[in-house]
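For reference, the structure discussed in these notes is given below.
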Amino acid sequence: MEEKEIYKGLAGVPIDYTAISKVNAETNSLLYRGYPVQELAASKTFEEVAYLLWNGELPSESELTAFNERTRPLRKLDPRVAAAVDALPLDAHPMDVVRTAVSVIGSLDKDAWTLTENLSKAEALFAQIPAVVARDHRRRKGLEPVEPSSHLNYAEDFLWQTFGEEPEAAVADAFRVSLILYAEHSFNASTFTGRVIASTLSDIYSAVTGAIGALKGPLHGGANEAVLHIFNEIGFGPGAKERVKVWLDNALATKRKIMGFGHRVYKSGDSRVPTMRDAMVKMIEHYGRADVLELYEALEEDFVSRKGIYPNLDYPAGPTYHLMGFETEEFTPIFVAARVTGWTAHIIEQVENNALIRPLSVYNGVPERHVL
Ligand code: ACO
(Lines give C-alpha, C1' and ligand atoms only; values in the text may rest on other atoms or scores of the structure.)
Protein backbone atom coordinates (compact mmCIF):
# COMPACT_ATOMS: atom_id res chain seq x y z
CA MET A 1 0.00 0.00 0.00
CA GLU A 2 1.15 3.56 -0.73
CA GLU A 3 2.55 5.32 2.35
CA LYS A 4 0.96 8.75 2.46
CA GLU A 5 -0.60 10.66 5.32
CA ILE A 6 -4.36 10.84 4.98
CA TYR A 7 -6.74 13.22 6.75
CA LYS A 8 -9.76 11.04 7.44
CA GLY A 9 -12.93 13.10 7.41
CA LEU A 10 -10.75 16.12 6.53
CA ALA A 11 -10.53 16.65 10.31
CA GLY A 12 -8.40 19.69 11.10
CA VAL A 13 -7.66 20.44 7.42
CA PRO A 14 -8.24 24.04 6.30
CA ILE A 15 -9.24 23.94 2.64
CA ASP A 16 -9.99 27.57 1.81
CA TYR A 17 -10.52 31.06 3.20
CA THR A 18 -13.97 32.37 4.05
CA ALA A 19 -15.10 35.84 5.11
CA ILE A 20 -18.58 34.67 6.14
CA SER A 21 -18.12 33.25 9.64
CA LYS A 22 -15.43 32.37 12.12
CA VAL A 23 -15.74 29.44 14.51
CA ASN A 24 -13.27 29.71 17.34
CA ALA A 25 -13.20 26.46 19.29
CA GLU A 26 -10.66 27.76 21.82
CA THR A 27 -12.90 30.60 22.98
CA ASN A 28 -16.18 28.85 22.13
CA SER A 29 -17.15 31.77 19.95
CA LEU A 30 -18.88 32.18 16.61
CA LEU A 31 -18.80 35.35 14.51
CA TYR A 32 -21.00 36.10 11.48
CA ARG A 33 -19.15 38.66 9.35
CA GLY A 34 -17.36 39.71 12.53
CA TYR A 35 -20.39 39.98 14.83
CA PRO A 36 -20.80 37.55 17.76
CA VAL A 37 -23.84 35.39 17.01
CA GLN A 38 -25.15 35.95 20.56
CA GLU A 39 -25.37 39.71 19.91
CA LEU A 40 -27.21 39.14 16.63
CA ALA A 41 -29.61 36.71 18.33
CA ALA A 42 -30.27 39.27 21.07
CA SER A 43 -31.10 42.16 18.80
CA LYS A 44 -31.68 41.37 15.12
CA THR A 45 -34.37 39.84 12.94
CA PHE A 46 -33.61 36.76 10.89
CA GLU A 47 -33.98 38.92 7.76
CA GLU A 48 -31.21 41.24 8.96
CA VAL A 49 -28.92 38.30 9.65
CA ALA A 50 -29.62 36.78 6.22
CA TYR A 51 -28.80 40.13 4.63
CA LEU A 52 -25.60 40.34 6.68
CA LEU A 53 -24.44 36.88 5.63
CA TRP A 54 -25.01 37.62 1.94
CA ASN A 55 -23.84 41.23 1.79
CA GLY A 56 -21.20 41.44 4.51
CA GLU A 57 -22.91 44.30 6.36
CA LEU A 58 -26.15 44.69 8.30
CA PRO A 59 -28.83 46.51 6.29
CA SER A 60 -29.67 50.15 6.92
CA GLU A 61 -33.34 50.90 7.56
CA SER A 62 -33.98 51.66 3.90
CA GLU A 63 -32.03 48.60 2.75
CA LEU A 64 -34.09 46.43 5.08
CA THR A 65 -37.33 47.93 3.80
CA ALA A 66 -36.24 47.29 0.21
CA PHE A 67 -35.20 43.73 1.15
CA ASN A 68 -38.60 43.02 2.70
CA GLU A 69 -40.43 44.55 -0.25
CA ARG A 70 -38.40 42.33 -2.55
CA THR A 71 -38.64 39.04 -0.65
CA ARG A 72 -42.11 39.02 0.95
CA PRO A 73 -43.93 38.71 -2.40
CA LEU A 74 -41.68 35.72 -3.18
CA ARG A 75 -43.03 33.72 -0.23
CA LYS A 76 -45.86 32.19 -2.24
CA LEU A 77 -45.06 28.92 -4.02
CA ASP A 78 -45.37 28.53 -7.75
CA PRO A 79 -48.36 26.17 -8.29
CA ARG A 80 -46.04 23.64 -9.90
CA VAL A 81 -43.88 23.52 -6.75
CA ALA A 82 -47.00 23.21 -4.61
CA ALA A 83 -48.23 20.37 -6.85
CA ALA A 84 -44.87 18.60 -6.57
CA VAL A 85 -45.04 18.78 -2.76
CA ASP A 86 -48.60 17.48 -2.79
CA ALA A 87 -47.65 14.61 -5.10
CA LEU A 88 -45.18 13.14 -2.62
CA PRO A 89 -46.32 10.31 -0.33
CA LEU A 90 -47.66 11.44 3.02
CA ASP A 91 -45.11 9.22 4.74
CA ALA A 92 -42.14 10.70 2.84
CA HIS A 93 -39.63 12.25 5.23
CA PRO A 94 -40.08 16.06 5.33
CA MET A 95 -36.37 16.41 4.44
CA ASP A 96 -37.07 14.51 1.21
CA VAL A 97 -39.96 16.87 0.55
CA VAL A 98 -37.91 20.04 1.00
CA ARG A 99 -35.01 18.56 -1.02
CA THR A 100 -37.41 17.71 -3.86
CA ALA A 101 -39.10 21.12 -3.69
CA VAL A 102 -35.77 22.96 -4.05
CA SER A 103 -34.96 20.80 -7.03
CA VAL A 104 -38.32 21.64 -8.63
CA ILE A 105 -37.85 25.37 -7.89
CA GLY A 106 -34.53 25.12 -9.73
CA SER A 107 -36.05 23.34 -12.69
CA LEU A 108 -38.51 26.22 -13.14
CA ASP A 109 -35.78 28.86 -13.21
CA LYS A 110 -34.81 29.32 -16.85
CA ASP A 111 -31.76 31.26 -15.72
CA ALA A 112 -30.62 28.66 -13.19
CA TRP A 113 -27.15 28.70 -14.72
CA THR A 114 -26.66 32.45 -14.46
CA LEU A 115 -24.13 32.43 -11.66
CA THR A 116 -24.09 36.24 -11.38
CA GLU A 117 -27.76 36.17 -10.35
CA ASN A 118 -27.08 33.88 -7.42
CA LEU A 119 -27.95 36.48 -4.78
CA SER A 120 -31.49 36.97 -6.08
CA LYS A 121 -31.90 33.19 -6.37
CA ALA A 122 -30.73 32.87 -2.76
CA GLU A 123 -33.31 35.45 -1.66
CA ALA A 124 -36.05 33.53 -3.48
CA LEU A 125 -35.08 30.23 -1.84
CA PHE A 126 -34.96 31.94 1.57
CA ALA A 127 -38.48 33.32 0.96
CA GLN A 128 -40.02 30.06 -0.28
CA ILE A 129 -38.70 27.29 1.97
CA PRO A 130 -41.09 28.14 4.87
CA ALA A 131 -44.04 27.70 2.49
CA VAL A 132 -42.72 24.24 1.53
CA VAL A 133 -42.24 23.13 5.14
CA ALA A 134 -45.60 24.57 6.23
CA ARG A 135 -47.53 23.14 3.28
CA ASP A 136 -46.05 19.72 3.97
CA HIS A 137 -46.92 20.02 7.69
CA ARG A 138 -50.54 20.84 6.91
CA ARG A 139 -51.16 18.30 4.15
CA ARG A 140 -50.10 15.49 6.50
CA LYS A 141 -52.79 16.64 8.90
CA GLY A 142 -55.39 16.97 6.15
CA LEU A 143 -55.38 20.78 6.47
CA GLU A 144 -55.55 23.34 3.68
CA PRO A 145 -52.37 25.39 3.12
CA VAL A 146 -52.27 28.89 4.59
CA GLU A 147 -51.31 31.77 2.31
CA PRO A 148 -48.09 33.52 3.34
CA SER A 149 -48.58 36.92 4.94
CA SER A 150 -47.04 40.16 3.73
CA HIS A 151 -47.15 41.97 7.08
CA LEU A 152 -45.44 39.39 9.32
CA ASN A 153 -41.70 39.05 9.59
CA TYR A 154 -39.97 35.83 8.50
CA ALA A 155 -40.14 33.98 11.83
CA GLU A 156 -43.74 35.03 12.49
CA ASP A 157 -44.84 34.16 8.96
CA PHE A 158 -43.20 30.72 9.11
CA LEU A 159 -45.26 29.92 12.23
CA TRP A 160 -48.37 31.51 10.72
CA GLN A 161 -48.14 29.40 7.56
CA THR A 162 -47.51 26.24 9.60
CA PHE A 163 -50.11 26.57 12.35
CA GLY A 164 -52.64 28.92 10.75
CA GLU A 165 -52.62 31.48 13.54
CA GLU A 166 -50.42 34.45 14.31
CA PRO A 167 -47.85 33.31 16.87
CA GLU A 168 -47.53 34.72 20.36
CA ALA A 169 -44.58 37.11 20.60
CA ALA A 170 -42.57 34.87 22.95
CA VAL A 171 -42.86 31.88 20.61
CA ALA A 172 -41.95 33.88 17.51
CA ASP A 173 -38.96 35.28 19.37
CA ALA A 174 -37.61 31.88 20.45
CA PHE A 175 -38.09 30.67 16.87
CA ARG A 176 -36.23 33.72 15.52
CA VAL A 177 -33.31 33.02 17.88
CA SER A 178 -33.11 29.41 16.71
CA LEU A 179 -33.05 30.47 13.05
CA ILE A 180 -30.22 32.93 13.66
CA LEU A 181 -28.18 30.32 15.54
CA TYR A 182 -28.72 27.75 12.79
CA ALA A 183 -27.98 30.15 9.91
CA GLU A 184 -24.25 29.64 9.45
CA HIS A 185 -21.30 27.62 10.73
CA SER A 186 -18.31 27.76 8.35
CA PHE A 187 -17.22 24.60 6.50
CA ASN A 188 -19.56 22.09 8.14
CA ALA A 189 -20.51 18.96 6.15
CA SER A 190 -23.55 20.40 4.35
CA THR A 191 -21.92 23.74 3.53
CA PHE A 192 -18.88 21.91 2.26
CA THR A 193 -21.14 19.73 0.10
CA GLY A 194 -22.72 22.88 -1.34
CA ARG A 195 -19.30 24.37 -2.02
CA VAL A 196 -18.06 21.18 -3.72
CA ILE A 197 -21.06 21.23 -6.05
CA ALA A 198 -20.69 24.98 -6.68
CA SER A 199 -17.00 24.47 -7.43
CA THR A 200 -17.92 22.46 -10.54
CA LEU A 201 -19.85 25.58 -11.68
CA SER A 202 -23.09 23.70 -11.33
CA ASP A 203 -26.14 25.82 -10.45
CA ILE A 204 -27.11 27.11 -7.00
CA TYR A 205 -30.22 24.87 -6.75
CA SER A 206 -28.13 21.74 -7.32
CA ALA A 207 -25.70 22.91 -4.66
CA VAL A 208 -28.50 23.57 -2.14
CA THR A 209 -30.21 20.27 -2.98
CA GLY A 210 -26.95 18.44 -2.27
CA ALA A 211 -26.44 20.39 0.95
CA ILE A 212 -29.93 19.36 2.12
CA GLY A 213 -28.98 15.73 1.53
CA ALA A 214 -25.87 16.16 3.67
CA LEU A 215 -27.78 17.92 6.43
CA LYS A 216 -30.31 15.11 6.68
CA GLY A 217 -27.84 12.68 8.28
CA PRO A 218 -28.09 12.16 12.04
CA LEU A 219 -24.39 12.99 12.52
CA HIS A 220 -25.24 16.49 11.23
CA GLY A 221 -28.60 18.30 11.16
CA GLY A 222 -30.66 15.17 11.60
CA ALA A 223 -29.47 15.15 15.22
CA ASN A 224 -32.14 17.65 16.30
CA GLU A 225 -34.86 15.17 15.44
CA ALA A 226 -32.83 12.31 16.91
CA VAL A 227 -32.73 14.16 20.26
CA LEU A 228 -36.52 14.00 20.43
CA HIS A 229 -36.48 10.29 19.63
CA ILE A 230 -34.13 9.84 22.59
CA PHE A 231 -36.38 11.95 24.85
CA ASN A 232 -39.37 9.85 23.79
CA GLU A 233 -37.46 6.66 24.56
CA ILE A 234 -36.54 7.92 28.03
CA GLY A 235 -40.04 9.29 28.55
CA PHE A 236 -41.37 12.70 29.59
CA GLY A 237 -42.94 13.43 32.98
CA PRO A 238 -41.49 13.88 36.47
CA GLY A 239 -38.65 11.75 37.86
CA ALA A 240 -36.39 11.87 34.80
CA LYS A 241 -33.12 11.34 36.69
CA GLU A 242 -33.65 7.67 37.47
CA ARG A 243 -35.03 6.90 33.99
CA VAL A 244 -32.07 8.69 32.37
CA LYS A 245 -29.56 6.65 34.37
CA VAL A 246 -31.10 3.33 33.32
CA TRP A 247 -31.43 4.45 29.69
CA LEU A 248 -27.86 5.79 29.53
CA ASP A 249 -26.37 2.67 31.15
CA ASN A 250 -27.96 0.65 28.40
CA ALA A 251 -27.13 3.11 25.58
CA LEU A 252 -23.45 3.25 26.54
CA ALA A 253 -23.25 -0.50 27.06
CA THR A 254 -24.50 -0.96 23.50
CA LYS A 255 -22.09 1.78 22.24
CA ARG A 256 -24.87 4.04 21.01
CA LYS A 257 -24.05 7.59 20.00
CA ILE A 258 -25.99 10.06 22.08
CA MET A 259 -27.46 12.47 19.56
CA GLY A 260 -27.20 16.17 20.32
CA PHE A 261 -23.81 15.74 22.00
CA GLY A 262 -20.31 16.18 20.58
CA HIS A 263 -18.95 18.31 17.79
CA ARG A 264 -16.14 18.02 15.28
CA VAL A 265 -14.80 21.50 16.08
CA TYR A 266 -15.99 22.42 19.58
CA LYS A 267 -14.58 20.05 22.14
CA SER A 268 -15.47 21.95 25.32
CA GLY A 269 -18.95 23.18 24.46
CA ASP A 270 -20.82 24.60 21.48
CA SER A 271 -20.86 28.42 21.46
CA ARG A 272 -24.52 28.47 20.40
CA VAL A 273 -25.90 26.27 23.17
CA PRO A 274 -26.28 28.82 26.02
CA THR A 275 -28.37 31.17 23.82
CA MET A 276 -30.51 28.33 22.48
CA ARG A 277 -30.90 26.89 25.97
CA ASP A 278 -32.24 30.25 27.20
CA ALA A 279 -34.76 30.26 24.34
CA MET A 280 -35.76 26.69 25.21
CA VAL A 281 -36.23 27.57 28.90
CA LYS A 282 -38.51 30.45 27.87
CA MET A 283 -40.62 28.00 25.88
CA ILE A 284 -40.64 25.52 28.79
CA GLU A 285 -41.99 28.31 31.02
CA HIS A 286 -44.40 29.47 28.33
CA TYR A 287 -45.91 26.01 27.87
CA GLY A 288 -45.57 24.99 31.56
CA ARG A 289 -43.42 21.91 30.84
CA ALA A 290 -40.95 21.72 33.73
CA ASP A 291 -40.59 17.99 33.01
CA VAL A 292 -38.81 18.80 29.72
CA LEU A 293 -36.16 20.82 31.56
CA GLU A 294 -35.78 18.07 34.14
CA LEU A 295 -35.15 15.51 31.38
CA TYR A 296 -32.85 17.87 29.43
CA GLU A 297 -30.70 18.57 32.50
CA ALA A 298 -30.66 15.00 33.75
CA LEU A 299 -29.34 13.61 30.45
CA GLU A 300 -26.83 16.42 30.03
CA GLU A 301 -25.47 16.08 33.58
CA ASP A 302 -25.21 12.31 33.45
CA PHE A 303 -23.67 12.10 29.95
CA VAL A 304 -21.20 14.97 30.45
CA SER A 305 -20.03 13.57 33.78
CA ARG A 306 -19.50 10.09 32.30
CA LYS A 307 -17.99 11.03 28.90
CA GLY A 308 -16.90 14.69 29.02
CA ILE A 309 -18.76 15.28 25.73
CA TYR A 310 -20.90 18.43 25.66
CA PRO A 311 -24.25 19.27 24.04
CA ASN A 312 -24.36 20.83 20.59
CA LEU A 313 -26.98 23.24 19.20
CA ASP A 314 -29.31 20.39 18.24
CA TYR A 315 -29.74 19.38 21.89
CA PRO A 316 -31.75 22.44 23.02
CA ALA A 317 -33.22 23.12 19.54
CA GLY A 318 -35.05 19.78 19.23
CA PRO A 319 -37.09 20.12 22.45
CA THR A 320 -37.82 23.78 21.64
CA TYR A 321 -39.41 22.91 18.28
CA HIS A 322 -41.29 20.05 19.95
CA LEU A 323 -42.80 22.46 22.48
CA MET A 324 -43.82 24.83 19.69
CA GLY A 325 -45.88 22.06 18.08
CA PHE A 326 -43.68 21.00 15.17
CA GLU A 327 -43.57 17.30 14.34
CA THR A 328 -40.21 15.69 15.12
CA GLU A 329 -39.39 15.02 11.45
CA GLU A 330 -39.85 18.74 10.70
CA PHE A 331 -36.99 19.90 12.91
CA THR A 332 -34.28 19.37 10.26
CA PRO A 333 -36.32 21.11 7.51
CA ILE A 334 -36.45 24.16 9.83
CA PHE A 335 -32.65 23.90 10.01
CA VAL A 336 -32.68 23.91 6.16
CA ALA A 337 -34.76 27.09 6.12
CA ALA A 338 -32.23 28.80 8.38
CA ARG A 339 -29.03 27.36 6.88
CA VAL A 340 -29.99 28.09 3.28
CA THR A 341 -28.75 31.61 4.06
CA GLY A 342 -25.30 30.37 5.06
CA TRP A 343 -25.14 27.79 2.27
CA THR A 344 -25.96 30.30 -0.43
CA ALA A 345 -23.53 32.87 0.99
CA HIS A 346 -20.84 30.17 0.71
CA ILE A 347 -21.93 29.13 -2.78
CA ILE A 348 -21.63 32.76 -3.91
CA GLU A 349 -18.23 33.10 -2.21
CA GLN A 350 -17.02 29.86 -3.82
CA VAL A 351 -18.08 30.91 -7.32
CA GLU A 352 -16.52 34.37 -6.95
CA ASN A 353 -13.09 32.89 -6.26
CA ASN A 354 -13.41 29.39 -7.58
CA ALA A 355 -11.11 26.40 -7.62
CA LEU A 356 -12.56 23.00 -8.41
CA ILE A 357 -12.62 20.99 -5.16
CA ARG A 358 -11.01 17.68 -5.94
CA PRO A 359 -8.95 15.99 -3.20
CA LEU A 360 -6.71 12.97 -3.61
CA SER A 361 -7.15 9.44 -2.38
CA VAL A 362 -4.63 6.78 -1.38
CA TYR A 363 -5.31 3.49 -3.15
CA ASN A 364 -5.49 0.42 -0.91
CA GLY A 365 -7.22 -2.03 -3.24
CA VAL A 366 -5.83 -5.12 -4.96
CA PRO A 367 -2.49 -4.61 -6.76
CA GLU A 368 -2.50 -4.18 -10.52
CA ARG A 369 -3.81 -7.27 -12.34
CA HIS A 370 -4.87 -8.05 -15.91
CA VAL A 371 -7.67 -9.60 -17.92
CA LEU A 372 -5.44 -9.98 -20.98
N1 ACO B 1 -22.17 9.94 21.89
C2 ACO B 1 -21.30 8.99 22.29
N3 ACO B 1 -19.99 9.02 21.99
C4 ACO B 1 -19.55 10.07 21.27
C5 ACO B 1 -20.41 11.11 20.85
C6 ACO B 1 -21.75 11.01 21.19
N7 ACO B 1 -22.62 11.95 20.82
N8 ACO B 1 -19.69 12.03 20.17
C9 ACO B 1 -18.43 11.58 20.16
N10 ACO B 1 -18.34 10.40 20.82
C11 ACO B 1 -17.16 9.60 21.04
C12 ACO B 1 -16.95 8.67 19.84
O13 ACO B 1 -17.61 7.45 20.00
C14 ACO B 1 -15.45 8.53 19.84
O15 ACO B 1 -15.08 7.63 20.85
P16 ACO B 1 -13.84 6.62 20.63
O17 ACO B 1 -12.64 7.50 20.43
O18 ACO B 1 -13.83 5.81 21.88
O19 ACO B 1 -14.18 5.83 19.40
C20 ACO B 1 -14.96 9.91 20.27
O21 ACO B 1 -16.03 10.47 21.05
C22 ACO B 1 -14.68 10.83 19.10
O23 ACO B 1 -15.87 10.90 18.31
P24 ACO B 1 -15.92 11.06 16.74
O25 ACO B 1 -17.28 10.71 16.28
O26 ACO B 1 -14.77 10.33 16.10
O27 ACO B 1 -15.59 12.60 16.65
P28 ACO B 1 -16.02 13.54 15.50
O29 ACO B 1 -15.28 14.80 15.70
O30 ACO B 1 -15.93 12.87 14.19
O31 ACO B 1 -17.57 13.66 15.88
C32 ACO B 1 -19.78 14.19 15.77
C33 ACO B 1 -18.35 14.73 15.80
C34 ACO B 1 -20.00 13.40 14.47
C35 ACO B 1 -20.74 15.38 15.79
C36 ACO B 1 -20.04 13.26 16.97
O37 ACO B 1 -19.79 13.95 18.17
C38 ACO B 1 -21.44 12.68 16.97
O39 ACO B 1 -21.69 11.68 16.29
N40 ACO B 1 -22.39 13.30 17.73
C41 ACO B 1 -23.78 12.88 17.71
C42 ACO B 1 -24.50 13.46 16.50
C43 ACO B 1 -24.79 14.94 16.64
O44 ACO B 1 -25.26 15.40 17.68
N45 ACO B 1 -24.56 15.69 15.55
C46 ACO B 1 -24.84 17.12 15.52
C47 ACO B 1 -23.60 17.88 15.18
S48 ACO B 1 -23.80 19.63 15.44
C49 ACO B 1 -24.86 20.18 14.24
O50 ACO B 1 -25.05 19.60 13.19
C51 ACO B 1 -25.65 21.43 14.60
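Points worth noting:
- Normalised by the number of residues in the stretch 1-122, the mean separation of alpha-carbon contacts (under 8 Å, six or more apart) gives a relative contact order of 12 percent.
- Mean Cα-pair separation over length for the chain, i.e. relative contact order, pairs under 8 Å, 6 or more apart, %: 24 percent
- Mean Cα-pair separation over length for the stretch 11-69, i.e. relative contact order, pairs under 8 Å, 6 or more apart, %: 21 percent
- Euclidean distance of C-alpha centroids, the stretch 81-160 and the stretch 351-372, integer Å: 37 Å
- Cβ-defined net charge surrounding Gly235, 10 Å radius [Lys, Arg +1; Asp, Glu -1]: -1
- Between Glu352 and Ala253, the FRET efficiency estimated from the beta carbon spacing at R0 = 41 angstrom works out to 0.20.
- Stokes-Einstein diffusion of the stretch 236-372 at 37 °C, 0.692 mPa s viscosity, Kirkwood radius from Cα pairs, rounded to a whole number: 179 µm²/s.
- Sites Glu63 and Ala42 - FRET efficiency at Förster radius 22 Å, r taken between beta-carbons, to 0.05: 0.55
- Those trypsin sites (Lys or Arg not before Pro) in the stretch 93-186 that DSSP places in a loop and that have at most 14 other beta carbons within 10 Å: Lys110, Lys141
- Cα-projected label distance for Glu147 with Leu10, points at 7 Å along beta-carbon direction, nm: 4.4 nm
- Chymotrypsin sites (Phe, Trp or Tyr not before Pro) within the stretch 16-49, DSSP loop, no more than 13 other Cβ atoms inside 10 Å: Tyr17
- Ranked packing of 66-72, 126-132, most packed first, by mean Cβ within 10 Å: 126-132, 66-72
- Calculated FRET value between Asp111 and Arg70, using beta carbons and R₀ = 25 Å, to 0.05: 0.90
- The trypsin sites (Lys or Arg not before Pro) found in the stretch 1-69 that occupy coil by DSSP, while having at most 13 further C-beta atoms within 10 Å, are Lys4.
- Residue among Ser199, Ser107, Ser178 with the largest mean-square fluctuation in a Gaussian network model of the chain, springs linking Cα atoms under 10 Å: Ser107
- Length released on extending from Ala19 to Val371, taking residue separation times 0.36 nm less the Cα-Cα span: 121.6 nm
- Prolate/oblate/rounded call for the chain, Cα gyration tensor, a/c under 1.5 rounded: rounded
- Whether the stretch 81-154 is rounded, prolate or oblate, judged on the alpha carbon gyration tensor where a/c under 1.5 counts as rounded: oblate
- Taking a ≥ b ≥ c as the square roots of the eigenvalues of the Cα gyration tensor, the stretch 215-292 is classed as oblate, since a/c reaches at least 1.5 and a/b does not exceed b/c.
- Ranked order, Trp113, Trp54 - accessible area, probe 1.4 Å, largest first: Trp113, Trp54
- Dipole magnitude of the chain about its Cα centre (Cβ charges: Lys, Arg +1; Asp, Glu -1), debye to nearest 20: 980 debye
The values are calculated or read from the model by the stated rules, or taken from the named source; none is laboratory data. If you're wondering where the values come from, they're calculated on a predicted model, not measured in any experiment. FYI the Cβ positions are ideal-geometry reconstructions off the backbone, even for glycines, and counts take in every protein chain you see. For accessibility, only protein heavy atoms count, side chains too; no ligands or nucleic acids. Shrake-Rupley method; radii C 1.70, N 1.55, O 1.52, S 1.80 Å.
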